[in-house]
1. Using only alpha carbon pairs under 8 Å that are at least six residues apart, calculate the relative contact order of segment 114-164 and give it in whole percent.
2. Tell me, what is the percent relative contact order of segment 107-191, built from C-alpha pairs under 8 Å that lie six or more residues apart?
3. Pairs to check: 79/148; 160/191; 100/148; 72/191; 80/191. Give those whose C-alpha atoms are more than 20 Å from each other in this structure.
4. If you take every residue apart from residue 143 with its C-beta less than 12 Å away from the C-beta of residue 143, what net charge results, scoring Lys and Arg +1 and Asp and Glu -1?
Amino acid sequence: MNTILRKSILGIAGLAFTGGVFAGPVAAHAADTTASAKPVSVSVQGDKLIPHGVQGTQSHIDLNDEQTANVKAIIAATKKAGMDERAAVVSIATALQESKLENLGHLGDRNDHDSQGLFQQRPSSGWGTVEQITDPEYSTTAFLKGLKQVDGWQDMPLTKAAQTVQVSAYPDHYAQWEQQAADLVAEHWNK
């Protein structure tokens, strides 16, 4: 593991608590329906298979205009970084878990340390300034830089790839968003 990734992983260990803290109160207004995963439901974009296969029960929320704009921003940043649809699926699933695709600022007492933005990145852990990590393009690019450093991320389960970058206390929670993330990428990638 290279030094930058190791430092990033150690530096963002505080994010471990974020997934669980924010999943409830922040998204209380979102309609959350859960459906049991069936054997691999897939979408095909060109020659790219999305997802590689979902793990476990899948969650879904209805998105508002702001959340949809954030999906489009993540996809645009992924394309700009020269990465493919799979990277966008991993990014969107991660942002769904971390913030329900809401660009969160500081939440006072409800905040886990100083986590902010779509990916709940922390300025104190070197992700960037508050202004940077609350910019969807910047925060996505920062996440993707971490993802690029994960050997074999393209072929590993989404939740393992996301967890390697995010270092969450709830590493399996990313998996529940894979189908919705794949559907969003299939819907918006070519727009």
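1. Averaging sequence separation for qualifying contacts and normalising by length gives 24 percent for segment 114-164.
2. Worked out over segment 107-191, it gives 15 percent.
3. The pairs that break the limit, which is 20 Å between Cα atoms, are 160/191; 100/148.
4. 0
No lab work stands behind these numbers, since they all come straight from the coordinates. All of these numbers come straight from a predicted model, not from anything done at the bench. Cβ coordinates were reconstructed from backbone atoms using ideal geometry, including for glycine residues, and neighbour counts include every protein chain displayed.
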